[in-house]
Amino acid sequence: MKDQACIVGIGETKYLRGEGSGMTLLGLQLQAATRAIADAGLKNSQIDGIMPFPTLGTAEAFAANLGCVNLRFAVTIHMGGASPVASLESAALAVTSGAADYVLIPAGWNGYSSARARQTVSQDVSSLPGGTIARDYYLPYGLTAPPQWYSLMARRHMHEYGTKAEQLGAIALAMRKHAQLNPNAVMRGRAMTMDDYLASPMLADPYRLFDCCLETDGAAALVVTSVERARDLKKKPAYIMSVAAGQPYPADEFTNRKDIFRTGLTIAAPEAFARAGVTPKDVDFAQIYDCFTFEVLQQIEEVGFCKRGEGGAFVEGGRIELGGELPVNTHGGLLSEAHVLGMNHIVEAVRQLRGVAGERQVKDAEIGVVTGWGDFGDGSIAILRR
Amino acid sequence: MSESATGYTKPLPVLEGFSKDFYAFCKQGELRFQRCKSCGAWRHMPREMCAECGSWEWEWAKSSGRGEVFTWTVVNRALHPAFRDSVPLAPVIVELEEGVRLLSEVQGCTPEELKIGMPVEVVFDEVTPEISLPKFRRCVR
Ligand SMILES: [Zn+2]
């Protein structure tokens, strides 16, 4: 499958807080979708595959609005925030096997103006990762939300490897610095210092406010097609060298993992690099799912950019900033651009590979990595090239 | 008795399936986990089969109730309304002597005193007439 499918269209809405989008959940995603389809130089009706994000829309509703009269491929990957990147694998398989010609992958939500984290009441078992396990064994103790789950892992990493608050801070600062170069980043114009970071309120120790992703309104979308079809389209394609997804074990709870740092990415990353025929050293930039700072550090380790336990030192000294050895989240990420479920990470990767990232362009970017992280550590990774 | 009649408003386990048995033992003051009758492996969360050997045969085996803090957090801002008046609260993962881990909390211990490796033993907090939650207190090893 290597280099047989590519991303040919990208689209985004404005990313907002404040008054919010003023659009419906579907309308917001349709705006990003139509922009991605137009970017590819296609007509809405040519889309014959749709992969909606879990619980945020149905292929039927997208198709009925877009006029997709020949919808043939409708699949949702259930991996939380790892879904968009994992969807690239199914989309690539679909367009190379003939199951579909043009696959649309949309994602987005009114994460600021609608259901916000602080308002969630997680008694609905169907919406909880872990389902009845979380209900019966986590919730009674006040462990109800993602920063709390992951803070337990971050604390253990600090214990085993000496990872420091300032190293988590270096991640938050890098994302914030990149956001200053991105006109669509919610945190543009709001620079952050290490003192600001350390002074932000502790929400779930060791996570401070600035270790946590934003809550924003916004949507992003992609169109995937085969290399043959891409030749007739107007934009330079971003080739999908490989995609792999993986689950931690067990995936439905995290307290009893023999190795709590072994996540889905631990098994997905080596597979993706083997299929692409490249190594982490060949990568020019990485867009890493940054729901929280420690998850960036952990994914840097599990992808193999450094050894496990060395992530703290790796993120220091500007190494993950633009101009460094491995620029990470050149758009600002979920921490400082917007929380668009990681779809914004793929869009940014394509922009970098097209060479149209403006002030934040990674010079001569040829190969980029995008990761996804979801639920209790589901993982996905795509290796893309120009 | 309904939840509101007891005045306890935090989320409670639903007493069905394996959780019904797990919490019935807790109510009797016993911490029990599944143990495979074929290979002897202890397990938590409760499962239908032994993932180690594939056996369907298992028993509710009694834990010593002793273990140590594996990791911890301190929640200063509740993200669930039922815990709004209970912060700071400190969920911990306790690793029991049998090797299984349980998410819980350590009573009689301020967040500042929590340490990975701290020895703890189980106590049962009768939060409603129907349900006792297993919690822990510091002990000497
Ligand atoms: Zn067994």
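The values are calculated or read from the model by the stated rules, or taken from the named source; none is laboratory data. Keep in mind it's a predicted model, so treat the numbers as computed, not measured. Heads up, the Cβs are rebuilt from the backbone with ideal geometry, glycines too, and the neighbour counts pull from every protein chain shown. Just so you know, the surface numbers come from the protein's heavy atoms only, side chains and all, with ligands and any DNA or RNA stripped out. Shrake-Rupley method; radii C 1.70, N 1.55, O 1.52, S 1.80 Å.
Observations on the model:
- Proximity of backbone amide H atoms, modeled 1.01 Å from N, is registered between residue A:112 and A:216, A:217 at under 5 Å, excluding neighbours fewer than 5 places apart on the same chain.
- Taken over region B:10-138, lysine pairs spaced eight or more positions apart, or on distinct chains, with alpha carbons under 17 Å apart number 7.
- Short-range pairs are left out: with C-alpha atoms under 8 Å and at least six residues apart, the relative contact order of region B:10-138 is 23 percent.
- Take every pair of alpha-carbon atoms less than 8 Å apart whose residues are at least six positions apart; their mean separation over the length of chain A yields a relative contact order of 26 percent.
- Annotation for residue A:275 and residue B:84: the two label points, set 7 Å from Cα along the Cα-Cβ direction, are 4.7 nm apart.
- Order by protection proxy (mean Cβ within 10 Å, highest first), peptides A:219-231, B:64-76: A:219-231, B:64-76
- Region A:2-19 versus region B:79-141: alpha-carbon centroid distance in Å: 44 Å
- Take A:153-159, A:170-176 and order them by the average number of nearby Cβ atoms within 10 Å per residue, most first; the result is A:170-176, A:153-159.
- Shape class for chain B: oblate, because the ratio a/c of the largest to smallest gyration tensor axis (alpha-carbon atoms, square roots of eigenvalues) is 1.5 or more and b/c is at least a/b.
- For residue B:55, the amide hydrogen comes within under 5 Å of the amide hydrogens of B:50, counting only partners 5 or more places away or on other chains and with H modelled in the peptide plane.
- Counting only other chain Cβ atoms within 10 Å of each residue's Cβ, the peptide B:66-76 averages 6.
- Mean Kyte hydropathy of -1.0 or more with a Cα span along the axis of at least 20 Å, helices from DSSP in chain A: A:25-40, A:83-97, A:165-179
- For the residues of A:255-268, the average number of beta carbons from a partner chain within 10 Å of their own beta carbon is 2.
- Surface per residue (accessible, 1.4 Å probe) for chain B, Å²: 48 Å²
- Distant-in-sequence amide contacts of residue A:203, defined by a placed amide H-H separation under 5 Å and a gap of 5 or more residues or a different chain, comprise A:208, A:209.
- Computed from backbone phi with θ = phi - 60° and the Karplus coefficients 6.51, -1.76 and 1.60, the 3J(HN,Hα) list for region A:197-213 is 4, 5, 7, 6, x, 6, 9, 9, 3, x, 8, 8, 3, 7, 8, 9, 4 Hz; x is used for glycine and proline.
- Protein accessible area in region B:10-138, 1.4 Å probe - carbon and sulfur %: 45 percent
- Restricting the calculation to Cα atoms, region A:151-207 yields a radius of gyration followed by a Dmax of 13.0, 39 Å.
- Interface burial for B against A (accessible surface, 1.4 Å probe, total of both chains, Å², rounded to 100): 3700 Å²
- Dimensions in Å of region A:1-117 - Rg and Dmax from alpha carbons: 14.1, 44
- Since only A:254, B:25, A:111 are under comparison, the one whose Cα sits farthest along the positive direction of the charge dipole of the protein assembly as shown, derived from C-beta charges on Lys, Arg, Asp and Glu, is A:111.
- Peptide-level mean, for B:77-87, of C-beta atoms on other protein chains within 10 Å: 6
- Computed [θ] at 222 nm, deg cm²/dmol, chain B (DSSP H ≥ 4; -39,500 (n - 2.57); rounded to nearest 500): -3000 deg cm²/dmol
- Theoretical ellipticity at 222 nm over chain A - DSSP helices of four or more residues, -39500 (n - 2.57) apiece, nearest 500: -9500 deg cm²/dmol
- Cβ-Cβ distance of residue A:61 and residue B:139, R₀ of 51 Å, FRET efficiency by 1/(1 + (r/R0)^6): the value works out to about 0.35.
- Carbon and sulfur %, accessible surface of region A:260-386 computed with the full protein complex present, 1.4 Å: 46 percent
- Calculated FRET efficiency for the pair residue B:64/residue B:39, C-beta based, R₀ 25 Å, to 0.05: 0.80
- For chain B, the longest principal axis of the alpha carbon atoms and the long axis of helix B:17-27 meet at an angle near 70°.
- Whether region B:1-65 is rounded, prolate or oblate, judged on the alpha carbon gyration tensor where a/c under 1.5 counts as rounded: prolate
- Listing of region A:182-220 residues, each with accessible area lower by at least 20 Å² in the full protein assembly than in the chain alone (probe 1.4 Å): A:202, A:203, A:205
- Computed from the Cβ-Cβ distance with R0 of 35 Å, the FRET efficiency linking residue A:209 to residue B:30 stands at 0.25.
- Carbon/sulfur fraction of accessible area - region A:1-126, other protein chains in place, 1.4 Å, %: 51 percent
- The packing ranking, built from the mean of other Cβ atoms within 10 Å per residue, places the peptides B:92-104, A:50-62, A:335-347, A:314-326 in the order A:335-347, B:92-104, A:50-62, A:314-326, highest first.
- Long-range lysine pairs (8 or more apart or interchain), chain A, Cα under 21 Å: 15
- Counting DSSP beta bridges with both ends in the protein assembly as shown, the antiparallel % (nearest 5): 85 percent
- Beta bridges per DSSP, both residues in region B:10-138: antiparallel share near 95 percent.
- Range of Cα positions in chain A per principal axis (Å), largest first: 53, 46, 41
- The length gained on full extension between residue B:16 and residue B:130, counted as 0.36 nm times the residue separation minus their Cα-Cα distance, comes to 39.8 nm.
- Rg then Dmax, both in Å and based on the Cα atoms of region A:216-257: 17.8, 51.
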